1. Write out, first by first residue and then by second, each pair whose Cβ atoms fall under 8 Å of each other, whose residues are 6+ apart or on separate chains, and whose first residue, in region 135-147, is under 15 Å from Leu14 (Cβ atoms) while the second is part of a helix (DSSP H, G or I) and aromatic (Phe, Trp, Tyr).
2. In region 114-130, what count of residues is obtained for those that are on the phi < 0 side of the Ramachandran plot, part of a loop (DSSP other than H, G, I, E, B) and surrounded by fewer than 17 Cβ atoms within 10 Å (Cβ to Cβ)?
3. Collect the residues in region 141-159 that are loosely packed, with under 11 Cβ neighbours inside 10 Å and of a type in the set (Ser, Thr, Tyr), keeping them in residue-number order.
4. Where the second residue is acidic (Asp, Glu) and the first is in contact (Cβ under 8 Å) with a residue 24 or more places away in the chain and lies in region 4-22, which pairs have Cβ atoms under 6 Å and are six or more apart or on separate chains?
5. Scan region 100-120 for residues that are in contact with a Gly (Cβ under 9 Å, 6 or more places away or on another chain) and within 15 Å of Phe17 (Cβ to Cβ) and report the count.
6. Can you run down the residue pairs with Cβ atoms below 9 Å, 6 or more apart or on separate chains, where the first is in region 96-118 and closer than 20 Å to Ala133 by Cβ and free of Cβ contacts under 8 Å to residues at least 12 places away in the same chain and the partner is surrounded by 12 or more Cβ atoms within 10 Å (Cβ to Cβ) and charged (D, E, K, R)?
7. Just to be sure, is Ser152 small (Gly, Ala, Ser), modelled with pLDDT under 95, over 22 Å from Gly27 (Cα atoms) and part of a helix (DSSP H, G or I)?
Amino acid sequence: MQKDLALAGLRAILGSFFIVHACDKLGIYGLSALWEVDNLTNHSILSLSPFSELVHSIFNFLTPLQAFWLATIAACGELIAGWFLILGVFNRLAGLFLSIMMAVAVYFHFPYGFYGDEGGYEWAMLCLAGSQAIMFMGAGRLSLYELYLAISTERSQAT
């Protein structure tokens, strides 16, 4: 049970980090953006421009349009994977996706040294380690997936 509590805590904290950072990339700085912004899609497209330029600088063989789509997929995937971690569904897949994202982030931040306050890879490495732990260990018993399995097993045994 201790392992399950630790995994649930790791999933909740790590998922919230990824959700917040994805919302920053998409220009959603609070729930009020959902009703204050006239066109949230256009607002997110404009907000993705700096991240898209960063992706283009890392992968300079891509065209700007390809870099924009890669940035969009990365930001939306980070948002969805963060929610998957919190809810406890598709955790190994979410962990794999986020591990790949964080490996790229470590690569980007590596020239700036270790410390995060100097632009280093400290936080990216920590998120990479957490994502890998979820990827290899799964969600644990305190997750929606395990609840689904318990309910479906109970129903199949009742018939």
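The values are calculated or read from the model by the stated rules, or taken from the named source; none is laboratory data. Please read these numbers as outputs of a predicted model, since none were measured by experiment. Virtual Cβ from ideal backbone geometry, glycine too; neighbours counted across all protein chains shown.
1. Pairs that qualify, where the first residue is under 15 Å from Leu14 (Cβ atoms) and the partner is part of a helix (DSSP H, G or I) and aromatic (Phe, Trp, Tyr), are Ala139/Tyr145.
2. Looking only at that region, the number is 2.
3. Within region 141-159, Ser152, Thr153, Ser156, Thr159 qualify.
4. Pairs found: Phe18/Glu78; Ala22/Glu78.
5. 2
6. Sorted first by the residue in region 96-118, then by its partner, the pairs are Gly116/Glu122.
7. Working: small (Gly, Ala, Ser): yes; modelled with pLDDT under 95: yes; over 22 Å from Gly27 (Cα atoms): yes; part of a helix (DSSP H, G or I): yes.
Judged against the criteria, Ser152 is a match.
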